[in-house]
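Structure, as structure tokens:
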Amino acid sequence: MDNLVIRKYDNDDFFEVIDLLKDNFNISNNIESIDDNINSFGIVALLNKKIVGYIRIDKLNNPFKNNYYYFLSYVCVDSNYQNVGIATKMLEFIFDMAKDDNVSYIELTSRSSREAANRLYLKNGFVIRDTNVFRKEM
Ligand SMILES: CC(C)(COP(=O)(O)OP(=O)(O)OC[C@H]1O[C@@H](n2cnc3c(N)ncnc32)[C@H](O)[C@@H]1OP(=O)(O)O)[C@@H](O)C(=O)NCCC(=O)NCCS
């Protein structure tokens with residue numbers, strides 16, 4: 001895939017990224033912009049200049065371990081371009097970035113029913129942690 005480019009999200013990507021996210025996740029209908037700053041940003045995959053993949057990254061600090069980690073979310077690839085290695089390339093881009101960014105580890109959550117995603121993560125060196133994810137709706 002010579003024509004695959006992975007780079008950070010740019011405001012000009014907004015409409016294409018929102019369409020991709022709408023196809024894959026239950027997101028709000030009235031998003032006007034995507035917050036993008038040094039600790040909370042996106043990366044996109046472009047194939048022939050068309051956006052075909054997205055991952056959100058939050059860089060978080062654990063003050064008691066004195067380290068930083070990335071939390072990934074909204075991992076997705078356009079259904080027309082899945083299973084050809086695009087998500088893997090995006091993860092490799094993130095791993096390289098993490099090495100330059102003083103990051104100790106990378107974390108994410110995924111339902112076990114998301115089989116492709118679970119395989120993708122295991123293949124790329126993530127291990128399942130024995131913990132429950134809790135949420136209290138407010
Ligand atoms: C999960 C997802 C991002 C994977 O993207 P992708 O670009 O297709 O992934 P890759 O081509 O890099 O595949 C990497 C590995 O994932 C697994 N995989 C990918 N697609 C798969 C499928 N349809 N079924 C089973 N395993 C699959 C394979 O193990 C594959 O490695 P292999 O081809 O060497 O066996 C994509 O399927 C997607 O967007 N799904 C919908 C949204 C989603 O579930 N996001 C995850 C939220 S936690």
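Where a number appears in this text, it was derived from the coordinates with a stated rule and is not lab data. Keep in mind the model is a prediction, meaning the values are calculated, not measured. No Cβ is skipped: glycine too gets one built from the backbone with ideal geometry, and neighbour counts run over all protein chains shown.
I'd like the trypsin sites (Lys or Arg not before Pro) in region 1-98 restricted to DSSP loop residues with at most 11 other Cβ atoms within 10 Å, sorted by number. Mind showing how you got there, number by number?
Details: sites: R7, K8, K22, K49, K50, R56, K59, K65, K89; in loops: K49, K65.
Those that pass, being in a loop and sparsely packed, are K49, K65.
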Relative contact order of the chain (C-alpha contacts under 8 Å, at least 6 apart) in percent is 19 percent
Per residue and in cubic angstrom, what volume does the convex hull of the Cα atoms of the chain have? 145 Å³
What are the ³J(HN,Hα) couplings of region 113-127, residue after residue, when phi is run through the Karplus curve with 6.51, -1.76, 1.60 and θ = phi - 60°? Round to Hz, x for glycine and proline. 6, 7, 4, 4, 5, 4, 5, 4, 5, 4, 5, 9, x, 6, 10
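Report, in debye and to the nearest 20, how large the dipole of the chain comes out about its Cα centre when Lys and Arg carry +1 and Asp and Glu carry -1 on their Cβ.
Numbers: 17 positive and 20 negative charges, 113 e Å.
The dipole magnitude comes to about 540 debye.
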Would you list which aspartates and glutamates come within 14 Å of K49, measuring only between C-alpha atoms, while excluding same-chain residues fewer than 8 positions from it? D2, D10, D12, D13, E16, D78
Long-range amide H partners of S40 with built H, under 5 Å: K59
Listed residue (N66, I18, L122) projecting farthest to the positive dipole end of region 4-123, Cβ model: L122
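Which is the longest stretch in the chain that no exposed loop site breaks, taking sites as chymotrypsin sites (Phe, Trp or Tyr not before Pro) with a DSSP loop state and at most 14 other Cβ atoms within 10 Å? Provide the component values of the computation, followed by the final result.
Numbers: sites that count: F25, F64, F134.
So the longest stretch without any such site is 65-133.
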